[in-house]
Each structure stands twice: as structure tokens, then as C-alpha cells.
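Below you'll find the structure I mean.
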Amino acid sequence: MIQKNDSFIVKIEDMTTEGEGIGKVEGFPLFIKDTVIGDEAEIKVIKVKKTYGYGRLMRLLVPSKDRVEPACPVARQCGGCQLQAMAYEKQLELKQKKVKNNLARIGGLTEVEVQPVIGMEYPFRYRNKTQVPFGKDKEGRIVAGFYAGRTHTIIDQEDCLLAQPVCKTIIHIMKQFMEEFHIEPYDEQAHRGLVRHLLIRNGYYTGQIMVCVIINGTKLPHSEELIRRLCGIEGMTSICLNINRERTNVIMGKQMVWLYGTHYIEDRIGDIRYRISPLSFFQVNPLQTKKLYDTALSFAGLTGEETVWDLYCGIGTISLFLARHAKMVYGVEIVEPAIEDARTNALANGITNAQFFVGKAEEVLPEQYRTKQVKADVIVVDPPRKGCDETLLETIAAMQPKRVVYVSCDSATLARDLKYLTGAGYEVKRVQPVEMFALGGHVETVCLLSNRKPDSYVHLNLKMEDYYRIKDAQKEQGKK
Ligand code: SAH
């Protein structure tokens with residue numbers, strides 16, 4: 001039995017998405033922070049659960065040959081990057097392996113080939129969005145930076161190697177402004193104080209900048225002075241407040257107050273211009289986003305004749321990227337302002353064959369299918385980490401598109417959903433991971449599924465009424 005405070009010598013064999021090394025003692029896995037694959041280390045057990053435990057690195061006996069000196073001075077404490085202590089090519093190999101393992105273990109897809117991750121040439125300074133929490137240190141000074149791993153302790157760090165250099169200037173201006181005008185940062189414990197976070201968005205190609213101050217209140221005193229200072233920065237396009245008075249970990253509230261400039265910034269991916277509002281989702285790595293969408297486009301195999309549904313469409317990024325190559329694209333997204341952006345984006349790019357719906361993908365698509373008998377040749381899904389709702393997968397299976405392109409930010413839920421779709425007559429043809437979060441533990445994956453049934457059969461389509469009759473009957477059976 002392994003117990004707390006026991007010491008062992010372990011070899012690190014794998015790593016978690018959170019960047020902890022995994023070593024085994026008599027087959028029992030231990031997660032050990034600050035270790036990387038290939039390390040041999042002396043560790044002390046700090047917590048034991050039923051099937052796994054946590055260890056602390058006490059002494060590095062033989063460092064892994066894949067270790068590198070992190071470029072960032074706070075890499076070890078900060079929770080932002082997880083893999084900085086590992087050579088970049090090894091990070092990519094690790095991510096490829098993770099996708100492969102999840103597909104096999106969770107999806108039962110042992111035969112599927114997973115391509116090497118499409119990586120970055122320079123894995124720093126790539127983010128177009130930076131969010132920094134504000135708080136106070138023990139001496140009562142204002143601090144701003146990044147949360148330490150798994151905690152809400154703020155590490156005071158104005159420059160982040162993933163962010164654009166201008167963010168440092170903006171954070172510094174904000175800190176000084178708060179000190180000078182005695183504006184209190186938010187205190188999570190006491191639910192008091194005003195300034196919670198600063199959100200900075202940069203247009204990679206346009207150079208436009210948006211600064212949004214998230215406050216626990218309705219007004220920011222002396223905001224005209226803050227605007228004056230921020231406007232000294234080249235590219236400042238939009239300054240706003242976001243009101244979040246809830247006791248919550250969710251960063252943004254729903255209400256906006258506009259202080260300066262436009263209500264959005266613009267950026268480009270390929271030859272499409274996108275309008276981005278503070279509350280809308282937009283991929284954080286613009287260089288890699290182009291590669292991601294090119295992959296999705298090539299997997300979609302469009303000839304110009306297809307009807308495409310783009311589910312979880314955000315501000316219509318993928319929809320518009322595909323629209324030029326398809327007959328018609330329908331986008332579905334839950335965040336209403338994002339859909340407003342999507343519609344504006346379509347207009348601004350002269351795209352007339354795209355239509356957008358506000359709502360949950362798992363409600364809108366079944367509803368459209370049931371009441372309007374809509375069809376799809378290709379369905380693209382790009383869900384958040386929790387993956388697709390089963391009602392949605394059911395509807396996709398019933399609609400029988402020729403191809404499904406699954407863009408995923410979590411290979412575990414991807415594997416679960418692929419298991420469902422392969423069980424419903426689809427075959428996994430291509431799996432292409434793309435690096436979107438360099439130095440972080442996560443990996444994006446684009447997957448092509450094609451319908452195993454011949455085209456002639458697909459076009460007959462499973463009759464909807466039959467499909468739902470079978471489904472309802474199965475549900476009834478389940479209840480009994
Ligand atoms: N395809 C877009 C956005 C992907 S992120 C892009 O590449 O930019 C996932 C999106 O799904 C977010 O915009 C989120 O708001 C949205 N979303 C989350 N749950 C949803 C649901 N149940 N139905 C529809 N959209 C949802």
C-alpha cells in the first residue's frame with residue numbers, strides 16, 4: 001500500500017494535460033508536478049486517492065534529455081503554460097500520442113491513424129486575447145498577472161511570453177491608474193472591490209486593440225483619464241467595461257458599457273474579415289487558426305453544390321470560410337451577440353449563402369430537421385470541451401450527411417462522440433491534430449468521418465418519422 005509521505009524513485013512515463021508528469025509505483029499512477037517524460041526523480045507522496053495519487057518532486061536524479069530551460073521566468077509557478085520545460089518537438093509528439101491514446105482507450109478506435117500535429121515555427125507571442133486578474137499582495141500593493149497552477153493566487157507578472165508585447169504596456173497603465181486614483185481591485189473572498197480582470201484583444205493582421213475592464217460595479221471612476229492614457233497606444237480601437245457583480249469564477253458578465261471607439265475589433269483569417277465583440281468566442285491563435293480552418297475545409301471536400309451545417313459556429317468563422325465553396329451554409333450558436341457578429345461578418349464579406357440561428361445546436365438542428373426536413377451534405381461541429389450532446393449526435397445520424405467534420409478541443413470527448421458516430425454508420429477517415437495552444441497542454445483535432453453507406457442510400461434518407469418513431473420507442477423501453 002502506498003501511503004502519504006512515502007518516498008520513491010520513479011521514472012516519468014507520460015504527462016497530463018495539466019503538465020504533470022506521470023510515474024508509476026508498482027503500477028499505481030502518481031501525478032508529479034514539475035517533472036517531464038524521461039525524468040528519473042525522487043518523489044514524496046502527498047495525496048493518495050483510490051486509483052491514483054499525487055507526488056512532489058524532491059530531487060531530480062536523472063533529468064530527461066527532452067528537458068529545456070523555460071523561456072519564461074515564472075513558468076514553474078504560473079498555471080498558464082504547462083509544457084515549457086519540454087523541448088517543443090517533444091510537446092508535439094506528446095500531443096499526438098494523447099489523441100491516439102484517447103481515441104483507442106475511450107473511442108475503441110485502435111486502427112485509426114493519427115497524423116503528426118501541425119505545429120508552430122515560433123511557439124511564443126501567438127495569443128490574440130489576454131485576460132489578467134487584478135488583486136492585492138500581502139503588503140497591499142496592486143498585483144496583476146496570472147493565476148498560479150490550480151489556485152487563485154495571482155502571480156504578479158506584466159509580461160506573458162504568449163501575449164503580444166503591447167499587453168505589458170496596457171497592464172502597466174492600468175495598474176498605475178488604479179494606484180493613483182485609489183481604485184480597489186476585486187477581492188474574491190470578501191466579494192468587495194471593483195476591478196476584477198482586464199481583457200485585451202488584438203487583431204493580428206489589423207493591429208486593432210480592444211481593452212475591456214471587468215468590474216464588480218457599474219462605473220469606473222476617472223475612466224476618462226484611463227481612456228486618455230490608453231489612447232496613447234497605437235491601434236487602440238475599442239475601450240469598454242464589462243459588468244460582473246456575481247460571486248463567480250466566470251470572468252465576463254453579460255452587460256457592456258462602451259467607453260471609447262467601436263463595439264468590436266476586426267481581424268482577418270485568410271481573405272475573410274471578422275468582427276469580434278468582447279463576449280464572442282474567437283480562436284486565440286490566429287496563425288494556427290488558418291491552418292485549422294484549411295484542414296476543416298479540405299476535409300469537407302466541397303465542390304460548390306453542398307448544403308453545410310456549421311454547429312457551434314461562434315461568430316461564423318468556419319461558416320464563412322466554407323461558404324465560398326458551398327451552395328449554402330447554416331450556422332448555429334448559443335451566444336446571441338456572436339450570431340449578430342456572424343450576420344454582420346457575412347454581409348461585410350459579401351457572402352449571401354450563409355444563414356445563422358441562435359440557440360443550442362442540440363435543440364436547433366433536431367427542431368429544424370423535425371419541422372422543416374432540412375438536409376445536410378456536410379455537417380461541421382466545433383463544440384466546447386464537453387463535446388456534443390447526444391441528442392445532436394442522434395440527429396446527425398438520422399440526417400445522414402455524407403461527411404462529418406469534427407473540430408475538437410478535447411480529444412477525450414472527441415473519442416466518446418466518435419464512438420457514437422462510428423456506431424451509427426460513420427467511418428473515421430482522417431485525424432489531424434493542430435497546435436492551437438503552444439506550450440499549453442491542450443491540443444485541437446480535426447477529424448473527418450464519412451458515411452459508410454453508399455451515396456444512393458444516403459440520398460434516400462432515413463424517413464424522419466420512422467427515425468423518431470424508433471427513437472421514441474427506444475426511450476419508452478428505457479423508462480420501463
Ligand atoms: N467554430 C467557432 C467557435 C468554436 S468554440 C470558431 O472556430 O471560432 C465553441 C462555440 O460553441 C462557442 O462560440 C460557444 O459559445 C458555442 N456553444 C457552446 N455550447 C453550445 C451549444 N449547446 N449550442 C451551440 N453553441 C454552443
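Ratio of the stretch 181-280's C-alpha Rg to 2.2 N^0.38 Å, to two decimals? Each step should come with its number before you reach the end.
Values: Rg = 14.3 Å, N = 100, 2.2 N^0.38 = 12.7 Å.
Ratio of Cα Rg to 2.2 N^0.38 Å: 1.13.
How much length is gained on full extension from Asp156 to Glu13, taking 0.36 nm per residue of separation minus their Cα-Cα distance? Kindly include the intermediate steps, with their values, before the conclusion.
Details: separation 143, 0.36 × 143 = 51.48 nm, distance 3.29 nm.
Separation in residues times 0.36 nm, less the Cα-Cα distance, equals 48.2 nm.
How large is the charge dipole for the stretch 13-167, taken about the Cα centre, if only the Cβ atoms of Lys, Arg (+1) and Asp, Glu (-1) carry charge, to the nearest 20 debye?
Computed charge dipole of the stretch 13-167: roughly 540 debye.
Looking at the stretch 90-138, which trypsin sites (Lys or Arg not before Pro) are DSSP coil and have at most 16 other C-beta atoms within 10 Å of their C-beta?
Numbers: sites: Lys90, Lys95, Lys97, Lys98, Lys100, Arg105, Arg125, Arg127, Lys129, Lys136, Lys138; in loops: Arg125, Arg127, Lys138.
Here the trypsin sites (Lys or Arg not before Pro) that fit, given the DSSP loop and packing criteria, are Arg125, Lys138.
To continue, here is another question. When the convex hull of the Cα atoms of the chain is projected onto a plane and the area is averaged over all directions, what value comes out in nm²?
Values: hull surface 103.6 nm².
Over every viewing direction, the Cα hull of the chain projects on average to 25.9 nm².
Here's something else I'd like to know. Roughly how big is the chain's charge dipole about its Cα centre, with Cβ charges of +1 (Lys, Arg) and -1 (Asp, Glu), in debye to the nearest 20?
On the way: 65 positive and 60 negative charges, 166 e Å.
Taking the Cα centre of the chain as origin, the dipole is about 800 debye.
At what distance in angstrom do the alpha carbon centres of the stretch 334-388 and the stretch 59-135 lie from each other?
For the stretch 334-388 versus the stretch 59-135, the Cα centre distance is 32 Å.
At what distance in nm do the modelled label points of Glu184 and His172 sit from each other, each positioned 7 Å from its Cα along Cα→Cβ?
Placing both labels 7 Å along Cα→Cβ, they lie 2.9 nm apart.
Now for a separate question. Take the alpha carbon gyration tensor of the stretch 385-435, find the square roots of its eigenvalues, order them as a ≥ b ≥ c, and report rounded if a/c is under 1.5; if not, report prolate when a/b exceeds b/c, else oblate. Kindly include the intermediate steps, with their values, before the conclusion.
Values: a/c = 1.97, a/b = 1.35, b/c = 1.46.
Note, shape of the stretch 385-435 comes out oblate.
How would the stretch 29-184 be classified by its alpha-carbon gyration tensor: rounded, prolate or oblate, with rounded meaning a/c under 1.5 and the a/b versus b/c comparison settling the rest?
Values: a/c = 2.20, a/b = 1.59, b/c = 1.39.
Because a/c hits 1.5 or more and a/b exceeds b/c, the stretch 29-184 counts as prolate.
Related question: If you place +1 on the Cβ of every Lys and Arg and -1 on the Cβ of every Asp and Glu, how big does the dipole about the Cα centre of the stretch 111-202 come out, in debye to the nearest 20? Working shown, then result.
On the way: 12 positive and 13 negative charges, 44 e Å.
Charge dipole, the stretch 111-202, about its Cα centre: 220 debye, nearest 20.
Each value in this text was obtained by applying a stated rule to the coordinates, not by laboratory testing. Because the structure is predicted, anything quoted here is derived from the model rather than measured. Quick reminder, even Gly has a Cβ in these numbers, built from the backbone with ideal geometry, and neighbours come from all protein chains shown.
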